[in-house]
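The values are calculated or read from the model by the stated rules, or taken from the named source; none is laboratory data. Please read these numbers as outputs of a predicted model, since none were measured by experiment. So basically every Cβ, Gly included, is an ideal-geometry build from the backbone, and we count neighbours across all protein chains shown.
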Amino acid sequence: MKALLLIDIQNDFLPGGALAVPEGDQIIQVVNQLQPHFDLVIATQDWHPILHKSFASQHSDKQVFETINLNGLEQVLWPDHCVRGTPGAEFSQVLETNRIEAIFRKGTNPEIDSYSGFYDNGHRKSTGLADYLRGKQVRQVFVAGLAADYCVYFSIKDALQEGFKTYLIEDATRPISPEGFEKAKADIHNRGGKIIQSGALL
Ligand code: VGL
Ligand code: ZN
(Lines give C-alpha, C1' and ligand atoms only; values in the text may rest on other atoms or scores of the structure.)
(Ligands and ions follow the chains in the order given, each with its own letter.)
Protein backbone atom coordinates (compact mmCIF):
# COMPACT_ATOMS: atom_id res chain seq x y z
CA MET A 1 0.00 0.00 0.00
CA LYS A 2 1.15 3.50 -0.90
CA ALA A 3 0.08 6.51 1.15
CA LEU A 4 0.23 10.18 0.21
CA LEU A 5 0.97 12.31 3.26
CA LEU A 6 -0.07 15.96 2.90
CA ILE A 7 1.73 18.10 5.44
CA ASP A 8 0.19 21.34 6.75
CA ILE A 9 -1.42 22.74 3.57
CA GLN A 10 -3.01 25.44 5.70
CA ASN A 11 -3.82 29.09 5.02
CA ASP A 12 -1.17 30.45 7.40
CA PHE A 13 1.58 28.75 5.35
CA LEU A 14 0.30 30.17 2.06
CA PRO A 15 0.91 33.64 0.57
CA GLY A 16 -0.97 36.15 2.71
CA GLY A 17 -0.79 33.87 5.76
CA ALA A 18 0.94 34.51 9.08
CA LEU A 19 3.94 32.28 8.27
CA ALA A 20 3.75 32.30 4.50
CA VAL A 21 6.02 29.91 2.61
CA PRO A 22 7.17 31.52 -0.67
CA GLU A 23 5.21 29.98 -3.59
CA GLY A 24 3.45 27.67 -1.15
CA ASP A 25 0.24 28.00 -3.18
CA GLN A 26 1.96 26.56 -6.26
CA ILE A 27 2.00 23.04 -4.81
CA ILE A 28 -1.76 22.72 -4.47
CA GLN A 29 -2.60 21.93 -8.11
CA VAL A 30 0.17 19.31 -8.10
CA VAL A 31 -1.13 17.76 -4.89
CA ASN A 32 -4.70 17.67 -6.23
CA GLN A 33 -3.51 15.89 -9.39
CA LEU A 34 -1.57 13.35 -7.35
CA GLN A 35 -4.34 12.30 -4.99
CA PRO A 36 -6.26 9.92 -7.34
CA HIS A 37 -3.03 7.97 -7.88
CA PHE A 38 -2.89 6.82 -4.24
CA ASP A 39 -4.67 4.10 -2.25
CA LEU A 40 -4.67 6.29 0.83
CA VAL A 41 -4.44 10.06 1.38
CA ILE A 42 -3.67 11.39 4.87
CA ALA A 43 -3.18 15.00 5.97
CA THR A 44 -1.68 16.79 8.94
CA GLN A 45 -2.59 20.13 10.45
CA ASP A 46 -0.39 22.33 12.60
CA TRP A 47 -2.88 22.99 15.40
CA HIS A 48 -1.59 25.27 18.13
CA PRO A 49 -3.26 26.59 21.26
CA ILE A 50 -3.19 30.39 21.25
CA LEU A 51 -0.45 30.58 23.93
CA HIS A 52 1.91 28.13 22.23
CA LYS A 53 5.53 28.61 23.36
CA SER A 54 6.84 28.41 19.80
CA PHE A 55 5.28 31.85 19.26
CA ALA A 56 7.64 34.81 19.71
CA SER A 57 4.65 36.65 21.20
CA GLN A 58 4.92 34.40 24.29
CA HIS A 59 8.45 35.58 25.12
CA SER A 60 8.69 39.21 26.24
CA ASP A 61 12.21 40.06 25.02
CA LYS A 62 12.33 37.94 21.85
CA GLN A 63 11.88 38.58 18.14
CA VAL A 64 10.37 36.38 15.47
CA PHE A 65 12.91 33.89 13.99
CA GLU A 66 15.21 34.15 17.03
CA THR A 67 16.18 30.82 18.54
CA ILE A 68 15.73 29.96 22.23
CA ASN A 69 16.00 26.91 24.46
CA LEU A 70 12.47 25.65 25.15
CA ASN A 71 12.28 22.90 27.79
CA GLY A 72 15.70 21.59 26.71
CA LEU A 73 15.19 21.81 22.94
CA GLU A 74 16.36 24.44 20.46
CA GLN A 75 13.30 26.34 19.30
CA VAL A 76 12.87 28.84 16.48
CA LEU A 77 10.36 31.50 17.53
CA TRP A 78 7.60 31.88 14.96
CA PRO A 79 4.94 34.46 14.33
CA ASP A 80 1.60 33.33 15.79
CA HIS A 81 0.28 30.81 13.24
CA CYS A 82 -2.17 27.95 12.85
CA VAL A 83 -4.04 28.76 16.03
CA ARG A 84 -6.62 25.98 16.33
CA GLY A 85 -10.07 27.03 15.20
CA THR A 86 -8.91 30.11 13.29
CA PRO A 87 -9.09 30.59 9.48
CA GLY A 88 -5.28 30.44 9.30
CA ALA A 89 -5.36 26.87 10.60
CA GLU A 90 -7.85 25.69 7.98
CA PHE A 91 -6.82 23.83 4.86
CA SER A 92 -6.58 25.93 1.74
CA GLN A 93 -9.94 26.21 -0.03
CA VAL A 94 -8.14 25.15 -3.21
CA LEU A 95 -6.99 21.86 -1.69
CA GLU A 96 -9.14 18.87 -2.63
CA THR A 97 -10.04 17.37 0.76
CA ASN A 98 -12.70 14.79 -0.11
CA ARG A 99 -10.20 11.97 -0.52
CA ILE A 100 -8.41 12.64 2.78
CA GLU A 101 -9.25 9.67 5.02
CA ALA A 102 -7.67 10.89 8.25
CA ILE A 103 -6.24 14.10 9.62
CA PHE A 104 -3.51 14.07 12.27
CA ARG A 105 -3.17 17.27 14.28
CA LYS A 106 0.07 18.27 15.97
CA GLY A 107 1.61 21.08 17.97
CA THR A 108 -1.26 20.91 20.44
CA ASN A 109 0.94 20.88 23.58
CA PRO A 110 1.91 24.52 24.36
CA GLU A 111 5.25 23.45 25.91
CA ILE A 112 6.73 21.62 22.90
CA ASP A 113 6.72 22.15 19.15
CA SER A 114 5.89 19.39 16.72
CA TYR A 115 7.23 19.65 13.19
CA SER A 116 6.76 16.01 12.27
CA GLY A 117 3.37 14.43 11.71
CA PHE A 118 4.62 11.41 13.70
CA TYR A 119 6.18 12.78 16.92
CA ASP A 120 6.80 16.02 18.80
CA ASN A 121 10.26 17.56 18.46
CA GLY A 122 11.48 15.76 21.60
CA HIS A 123 10.15 12.40 20.36
CA ARG A 124 8.22 12.19 23.63
CA LYS A 125 4.71 11.69 22.31
CA SER A 126 3.49 9.94 19.19
CA THR A 127 0.51 11.12 17.16
CA GLY A 128 -0.30 7.50 16.32
CA LEU A 129 0.37 8.08 12.62
CA ALA A 130 3.00 5.33 12.22
CA ASP A 131 0.75 2.68 13.81
CA TYR A 132 -2.20 3.95 11.77
CA LEU A 133 -0.23 3.52 8.53
CA ARG A 134 1.04 0.06 9.57
CA GLY A 135 -2.53 -0.91 10.44
CA LYS A 136 -3.47 -0.10 6.85
CA GLN A 137 -0.53 -2.20 5.50
CA VAL A 138 1.19 0.91 4.16
CA ARG A 139 4.83 0.29 3.24
CA GLN A 140 5.54 3.35 1.07
CA VAL A 141 4.95 6.91 2.17
CA PHE A 142 5.04 9.81 -0.33
CA VAL A 143 5.34 13.21 1.31
CA ALA A 144 4.17 16.61 0.03
CA GLY A 145 3.18 19.91 1.64
CA LEU A 146 4.68 22.74 3.69
CA ALA A 147 7.20 23.70 4.73
CA ALA A 148 9.85 21.60 2.97
CA ASP A 149 12.64 22.45 5.43
CA TYR A 150 10.56 22.04 8.61
CA CYS A 151 7.45 19.92 8.85
CA VAL A 152 7.95 18.00 5.59
CA TYR A 153 11.61 17.28 6.42
CA PHE A 154 10.90 16.20 10.02
CA SER A 155 8.02 13.99 8.88
CA ILE A 156 10.28 12.29 6.33
CA LYS A 157 12.99 11.64 8.93
CA ASP A 158 10.45 10.00 11.23
CA ALA A 159 8.84 8.00 8.41
CA LEU A 160 12.27 6.60 7.51
CA GLN A 161 13.03 5.81 11.15
CA GLU A 162 9.67 4.02 11.41
CA GLY A 163 10.74 1.79 8.52
CA PHE A 164 8.62 3.16 5.68
CA LYS A 165 10.05 3.46 2.20
CA THR A 166 9.84 7.22 2.02
CA TYR A 167 9.70 9.62 -0.93
CA LEU A 168 9.82 13.40 -1.02
CA ILE A 169 7.81 14.75 -3.98
CA GLU A 170 10.02 17.75 -4.66
CA ASP A 171 7.69 19.76 -6.87
CA ALA A 172 4.88 19.28 -4.33
CA THR A 173 6.70 21.15 -1.58
CA ARG A 174 8.29 24.59 -0.99
CA PRO A 175 10.74 25.68 1.72
CA ILE A 176 10.90 28.65 4.06
CA SER A 177 14.68 28.79 3.41
CA PRO A 178 16.24 27.47 0.15
CA GLU A 179 19.57 26.83 1.96
CA GLY A 180 17.76 24.90 4.68
CA PHE A 181 16.03 22.82 2.01
CA GLU A 182 19.31 21.90 0.30
CA LYS A 183 20.65 20.59 3.62
CA ALA A 184 17.38 18.76 4.28
CA LYS A 185 17.48 17.04 0.87
CA ALA A 186 21.07 15.90 1.40
CA ASP A 187 20.10 14.49 4.80
CA ILE A 188 17.01 12.74 3.40
CA HIS A 189 19.20 11.15 0.73
CA ASN A 190 21.80 10.07 3.33
CA ARG A 191 19.09 8.46 5.45
CA GLY A 192 17.83 6.38 2.52
CA GLY A 193 14.90 8.55 1.44
CA LYS A 194 14.15 9.12 -2.23
CA ILE A 195 13.57 12.48 -3.89
CA ILE A 196 11.23 12.33 -6.88
CA GLN A 197 9.09 14.61 -9.07
CA SER A 198 5.30 14.31 -9.33
CA GLY A 199 5.59 13.39 -13.01
CA ALA A 200 6.95 9.98 -11.97
CA LEU A 201 3.62 9.22 -10.26
CA LEU A 202 1.14 10.60 -12.79
C1 VGL B 1 5.87 24.63 10.39
C2 VGL B 1 7.13 26.20 11.46
C3 VGL B 1 6.28 26.18 12.55
C4 VGL B 1 5.65 23.79 9.17
C5 VGL B 1 5.01 24.59 11.46
O6 VGL B 1 4.50 23.34 8.92
O7 VGL B 1 6.64 23.57 8.43
N8 VGL B 1 6.93 25.44 10.40
N9 VGL B 1 5.23 25.37 12.54
ZN1 ZN C 1 3.73 25.55 14.04
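A few comments on the model shown:
- Residue within region 169-192 that is of a type outside the set (A, V, I, L, M), within 12 Å of the chain's Cα centre (by Cα), more than 19 Å from GLN10 (Cβ to Cβ) and at pLDDT 95 or above present: no
- VAL76 loosely packed, with under 14 Cβ neighbours inside 10 Å and within 16 Å of ligand 2 (Cβ to nearest atom): no
- Tabulated pairs, region 2-21, first of a type in the set (Gly, Ala, Ser), second assigned to a strand (DSSP E or B) and modelled with pLDDT of 95 or more, C-beta under 8 angstrom, 6+ apart or interchain: ALA3/LEU40; ALA3/VAL41; ALA3/ILE42; ALA3/GLN140; ALA3/VAL141; ALA3/PHE142; GLY17/GLN10
- Within region 107-121, residues that are on the phi > 0 side of the Ramachandran plot reach partners that are of a type in the set (S, T, N, Q) with beta carbons closer than 9 Å, at six or more positions or on different chains, in the pairs GLY107/GLN45; GLY107/SER54; GLY107/SER114.
- When PHE142 is tested against (1) in contact (Cβ under 8 Å) with a residue 12 or more places away in the chain; (2) farther than 17 Å from ALA3 by Cβ, only condition (2) is not met.
- Subset tally (residues that are of a type in the set (Gly, Ala, Ser) and surrounded by fewer than 24 Cβ atoms within 10 Å (Cβ to Cβ)) for region 142-172: 1
- Candidate set: region 113-123, residues that are part of a loop (DSSP other than H, G, I, E, B) and either touching a helix residue (DSSP H, G or I) at 6+ places or on another chain (Cβ under 9 Å) or within 11 Å of ligand 2 (Cβ to nearest atom) (or both); chosen: the one nearest to ILE42 (Cα to Cα): GLY117
- When the test is whether a residue is among the polar types (S, T, N, Q), part of a loop (DSSP other than H, G, I, E, B) and at pLDDT 95 or above, ASN69 does not pass it.
- Filter result for GLN45 (within 14 Å of ligand 1 (Cβ to nearest atom), in a strand (DSSP E or B), closer than 21 Å to ALA147 by Cβ and touching a residue at least 60 places away in the same chain (Cβ under 8 Å)): yes
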